[in-house]
Amino acid sequence: MKAKALIAYLSYSGNTEEVAEILQETAESRGLHIDIHRIGIDPPIDPEAYQYIFIGTFTWEEGSTPDEVKDFVLEVGCKPDNVAVFGTGDTQFGGDRIFCGAAEKLAKFYNSPWPPLKIEQSPRGSQEKIVKEWMEGVLEHGESAR
Ligand SMILES: Cc1cc2nc3c(=O)[nH]c(=O)nc-3n(C[C@H](O)[C@H](O)[C@H](O)COP(=O)(O)O)c2cc1C
């Protein structure tokens, strides 16, 4: 059976959604089946159905995690060991310390084996390569660990 991964994300103005799209394309080109979950919109997921769970969030108010993402974490209700986190942010909102703070916190919460992917605003253009390489890194590490 084809391996399956979930990409769950929250995006208000589209940046995190664009990262999710690039991640989806990259994973599908490597033969993974991807389910998309729009946090706060789609029905609850079954975390056990996936080989990888990708969670994407932007960062808000002094490095905070959006409420919808906190609700999603509660809804999942367990800490799967295969969560990889991606996020977008903006260094103009307080610099490196709180840049993509929500993605940092989420990766720590899930003890993610992968460093969180942090993208400045839209990934289109020069950062696209970083997004693709991060996904390839996660999948390579995942294959060798299993
Ligand atoms: C009110 C407000 C507060 C923000 N605070 C932060 C922050 O503390 N850290 C950060 O990295 N980005 C911060 N941002 C930037 C957003 O996270 C960034 O624009 C993100 O790409 C938006 O994602 P989206 O397009 O998927 O909604 C803030 C944006 C707004 C509007």
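We did not get these values from a lab; they are worked out from the coordinates using the rules stated. The structure presented is a predicted model; accordingly, all values stated were derived computationally and were not measured. FYI the Cβ positions are ideal-geometry reconstructions off the backbone, even for glycines, and counts take in every protein chain you see.
Computed from point charges on the beta carbon alone (+1 for Lys and Arg, -1 for Asp and Glu), the dipole magnitude for the chain about its Cα centre is near 340 Debye. Of the trypsin sites (Lys or Arg not before Pro) found in region 77-110, the ones in coil according to DSSP and having at most 11 other Cβ atoms within 10 Å of their Cβ are Arg97. Here each label is just a point 7 Å from Cα along the line to Cβ, and for Lys4 and Gln51 those points are 1.3 nm apart.
Filter the GluC sites (Glu not before Pro) in region 1-106 down to the DSSP loop ones having no more than 13 other Cβ atoms within 10 Å, then list what survives.
On the way: sites: Glu17, Glu18, Glu21, Glu25, Glu28, Glu48, Glu61, Glu62, Glu68, Glu75, Glu104; in loops: Glu61, Glu62.
Counting only loop positions with at most 13 other Cβ atoms within 10 Å, the GluC sites (Glu not before Pro) in region 1-106 are Glu61, Glu62.
When the alpha carbon coordinates of the chain are projected onto the principal axes, the ranges are 45, 34, 26 Å, largest first. For region 55-117, the square roots a ≥ b ≥ c of the C-alpha gyration tensor eigenvalues yield an a/c of 1.5 or more together with a/b not exceeding b/c, which makes the shape oblate. Looking at region 1-102, the chymotrypsin sites (Phe, Trp or Tyr not before Pro) that sit in a DSSP loop and have at most 14 other Cβ atoms within 10 Å of their own Cβ are Tyr12, Phe93.
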